Every structure is written in structure tokens, then in C-alpha cells.
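The values are calculated or read from the model by the stated rules, or taken from the named source; none is laboratory data. Fair warning: this is a prediction, and the values are worked out from it, not measured in the lab. Only protein heavy atoms, including side chains, enter the accessible area calculation; ligands, DNA and RNA are left aside. Shrake-Rupley method; radii C 1.70, N 1.55, O 1.52, S 1.80 Å.
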Amino acid sequence: MVSAGRTADSIEVTAEGLQEELARLQFQKQALERELAAVVAHLGSVQRALGALESALVTPAAAPQAEEQYGRLTEQIMAYFAQVGDAEVRAREVAAALGRDADSGSINAVRSTLDRLVAASRIQRAGRGLYRTGPS
């Protein structure tokens, strides 16, 4: 049978080990909390900067002329996909949303730009004539 003295010593050693582990875990928790606070602060600043850049791309300073408007087609299409989320849309729907569905030339310009964006992996082809945003 185990003596009461050895059992008490064993419990005391176990308690000391647990106290050391507790102190180590508390220190690690504080370090992780500081790191998380820094990441959250950086995330907020990156989100604000990205929001400012996106609004600068979407909101023109003045009403664009025809050539300037067509030069911004890629940005306009990407802004449209940001609005529709993961929905599948047709080129004609994109053209209509951008006010570029007046003639077949304008719609074909949208189709060509969509194909370039697919090739660049910025959007996906979801099916025949269907497009959606790529994986996040």
C-alpha cells in the first residue's frame, strides 16, 4: 500500500507543475491578446484604405466623356460584381447595369472585357454566357 507521505508529496509536485503551467498559459494568453489587438487595428486601417480607393474608382470627379467612360470599363465591371456578390449574371445584364446596352458594339465590348477578366482570374465563367465573382 502507498504511504500517506508519498501521496501527499505526489500531489504537491503535481500542484507545483500545474501552477507553472498556469503561469505560462497566462503569459501566452496576454501575448496573443496583444497580437490580436494589433491585427484588428491593422485590419481596420486596411479596410478604410481599400474603401477609399474603391470609392475613388467608382465615383468619377466629373462626368466622363465617351472615351474616358470606356477606359474605365474594367473598373466599372468589377464594381458591378462587388455589388451583386456571388450571383451569376449574363453579359447583357452587366451591360444594362452599366448603361452600355444601347447597341451590339457596346454589349460586345462588355463581353470582351468579361472574357479578359476570366482569363486574368478576376471573375469566373459560371456556365455558357454566365459570369460570377471568383473565389475569395
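Tell me whether the range 76-96 contains one or more residues that are in a loop (DSSP other than H, G, I, E, B), at pLDDT 75 or above and open to solvent by 60 Å² or more (accessible area, probe 1.4 Å).
yes
Of (1) part of a loop (DSSP other than H, G, I, E, B); (2) within 22 Å of the chain's Cα centre (by Cα), Gly99 satisfies all except one. Which?
Single failed check for Gly99: (2).
Can you say whether Glu54 is modelled with pLDDT under 85 and open to solvent by 80 Å² or more (accessible area, probe 1.4 Å), as far as the supplied structure shows?
yes
Any idea how many residues of the range 17-32 are open to solvent by less than 100 Å² (accessible area, probe 1.4 Å) and of a type in the set (D, E, K, R)?
1
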